[in-house]
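A.B. asks: Mind having a look at this structure? Questions to follow.
The values are calculated or read from the model by the stated rules, or taken from the named source; none is laboratory data. Not measured: the values here are computed from a predicted model. All Cβ positions, glycine included, derive from the backbone under ideal geometry; neighbour counts span all protein chains shown. Keep in mind that these areas ignore ligands, DNA and RNA; they rest on the heavy atoms of the full protein, side chains included. Shrake-Rupley method; radii C 1.70, N 1.55, O 1.52, S 1.80 Å.
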Amino acid sequence: MKNYVSAAILALGVTLAGLFVFIGVHQVAMKDRSVVAKGLSTRDVKADHVVWPLTFMIEGNDLNEVHSRMAKANKTMTEFLLSKGFEATDLTVGRISIEDRWMYNYGNSRPANRYSVNSTIIVSTNKVDEVVANQGCQVELLAKGLIVNVNDWEVNYEFNGLNELKPTMVEEATVNARTVAQKFADDADCKLGSIKKASQGQFSIESDSYQPWVKHVRVVTTIDYYLD
């Protein structure tokens, strides 16, 4: 009888031990059940600052005359830009470069005009709409005797308001990630639990291909949720 009791107690102990192991393994397995979801947030915003270089050239054979014409051209360009709504503080005269074309050319290979002087007026302003409206100003300036080189790829449109957008965009991306995770949990007949871990991707700002003053702002959050 004593042996039967001992055997029963031993069997019960083994059974309980196995049950506890099963429960422990099950809890660990349940704890590791999770779903990773990504949430996206995008905004289209307008640039709030622009740097617009306008380069023009004066040619001639008398250096003093070329210099005088260049000073007049700079004055004409400045007055033109002021008439378009820009402020004097928006304008900066860049470096003036002078080339002597005869220095390395001899005889008949010499160009008709010996000196070539290039000047650039840089418009650095928050008046983005005015810059956009005057991108085709070459025709007007040609009527004033100025041949201006305006390259679209040299116009730099900037957006500096990212810090104001970050909180709402991160919140939106997080909500979108939870919506995706909730759909997965519903399909798997599970309950969506708390956040296991989360990471926020970097914000990206890209220019529109056809309207470079329009910026596409984007952020993606990655969140790992427990499944109960």
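A.B. asks: Can you give me the solvent accessible area of ARG114 with a 1.4 Å probe, rounded to the nearest 10 Å²?
C.D. replies: Around 80 Å² of this residue is reachable by solvent.
A.B. asks: Shifting gears a bit: Taking amide H atoms as placed 1.01 Å from N in the peptide plane, list the residues 5 or more away in sequence, or in a different chain, whose amide H sits under 5 Å from that of SER34.
C.D. replies: Sorted by chain and number, the residues that satisfy this are LEU227.
A.B. asks: Let me ask something else. As a test of reading the structure, rank VAL132, VAL155 by solvent-accessible area (1.4 Å probe, protein chains only), most first.
C.D. replies: These residues rank, largest area first, as VAL132, VAL155.
A.B. asks: Once the Cβ-Cβ distance between GLN135 and LYS72 is put in as r, and R0 is 30 Å, what FRET efficiency do you end up with, to the nearest 0.05?
C.D. replies: 0.75
A.B. asks: Which ³J(HN,Hα) values, rounded to whole Hz and listed in residue order, are derived for the stretch 47-59 from phi using the Karplus coefficients 6.51, -1.76 and 1.60 in 6.51 cos²θ - 1.76 cosθ + 1.60 with θ = phi - 60°, glycine and proline given as x?
C.D. replies: Using θ = phi - 60°, the values come out as 4, 10, 7, 9, 10, 10, x, 10, 10, 9, 10, 10, 10 Hz.
A.B. asks: Ok, one more. For the chain, which whole percent of the accessible surface, found with a 1.4 angstrom probe, sits on carbon and sulfur atoms?
C.D. replies: Carbon and sulfur: 56 percent of the exposed surface of the chain.
A.B. asks: Which order do SER194, SER34, SER41 take when ranked by solvent-accessible area (1.4 Å probe, heavy atoms of all protein chains), largest first?
C.D. replies: The ordering from most to least exposed comes out as SER194, SER34, SER41.
A.B. asks: Mean Kyte-Doolittle hydropathy of 0.0 or higher plus an axial Cα length of 18 Å or more: which whole DSSP H helices in the chain meet both?
C.D. replies: Length and hydropathy pass: 2-31.
A.B. asks: Given the Cα-Cα distance of VAL175 and ASP189 and 0.36 nm per residue of separation, how much length would full extension add, in nm?
C.D. replies: My answer for the length gained is 3.0 nm.
A.B. asks: Set the Förster distance to 25 Å, then compute FRET efficiency between ASP48 and ILE96 from the Cβ-Cβ distance, nearest 0.05.
C.D. replies: Once rounded, the FRET efficiency stands at 0.25.
A.B. asks: Given a cut-off of under 8 Å on Cα pairs at least six residues apart, what relative contact order in percent is computed for the chain?
C.D. replies: Relative contact order, the chain: 34 percent.
A.B. asks: Please give the charge dipole size of the chain, origin at the Cα centre, charges +1 on K and R Cβ atoms and -1 on D and E Cβ atoms. Round to the nearest 20 debye.
C.D. replies: So the magnitude is around 780 debye.
A.B. asks: Let me ask you something else. Can you tell me the FRET efficiency between ASN118 and TYR210 if r is taken as the Cβ-Cβ distance and R0 is 41 Å, rounded to the nearest 0.05?
C.D. replies: About 0.85, to the nearest 0.05.
A.B. asks: Under 22 Å Cα-Cα from LYS46, which lysines qualify once same-chain neighbours fewer than 8 residues away are excluded?
C.D. replies: LYS84, LYS127, LYS166, LYS215
A.B. asks: Mind checking the per residue accessible area of the stretch 103-187 for me, 1.4 Å probe, whole number of Å²?
C.D. replies: With all protein chains present, the stretch 103-187 gives 62 Å² per residue.
A.B. asks: Continuing with the same structure: Per-residue ellipticity at 222 nm for the chain, helices alone: DSSP H runs ≥ 4 residues times -39500 (n - 2.57), over residue total, nearest 500 deg cm²/dmol?
C.D. replies: When only DSSP H runs of four or more count, the value is -13000 deg cm²/dmol.
A.B. asks: With a 1.4 Å probe and all protein chains kept in place, how do THR221, THR89, THR168 rank by accessible area, largest first?
C.D. replies: Solvent-accessible surface, decreasing: THR89, THR168, THR221.
A.B. asks: Quick one: compute the contact order of the stretch 51-121, relative version, from alpha carbon pairs under 8 angstrom and 6+ residues apart, as a percent.
C.D. replies: Here the relative contact order equals 51 percent.
A.B. asks: Now for a different question. What is the Å³ per residue value for the convex hull set by the Cα atoms of the chain?
C.D. replies: Hull volume over Cα atoms, normalised by residue count, gives 228 Å³.
A.B. asks: Determine the dipole magnitude for the stretch 175-225: charges of +1 sit on the beta-carbon of Lys and Arg, -1 on that of Asp and Glu, nothing else is charged, the reference point is the Cα centre, and the result goes in debye to the nearest 20.
C.D. replies: 200
A.B. asks: With point charges of +1 on the Cβ of Lys and Arg and -1 on the Cβ of Asp and Glu, referenced to the Cα centre of the stretch 114-228, which listed residue (ASN149, ALA188, VAL139) lies farthest in the positive direction of the dipole?
C.D. replies: Comparing the listed Cα positions along the dipole, ASN149 ranks first.
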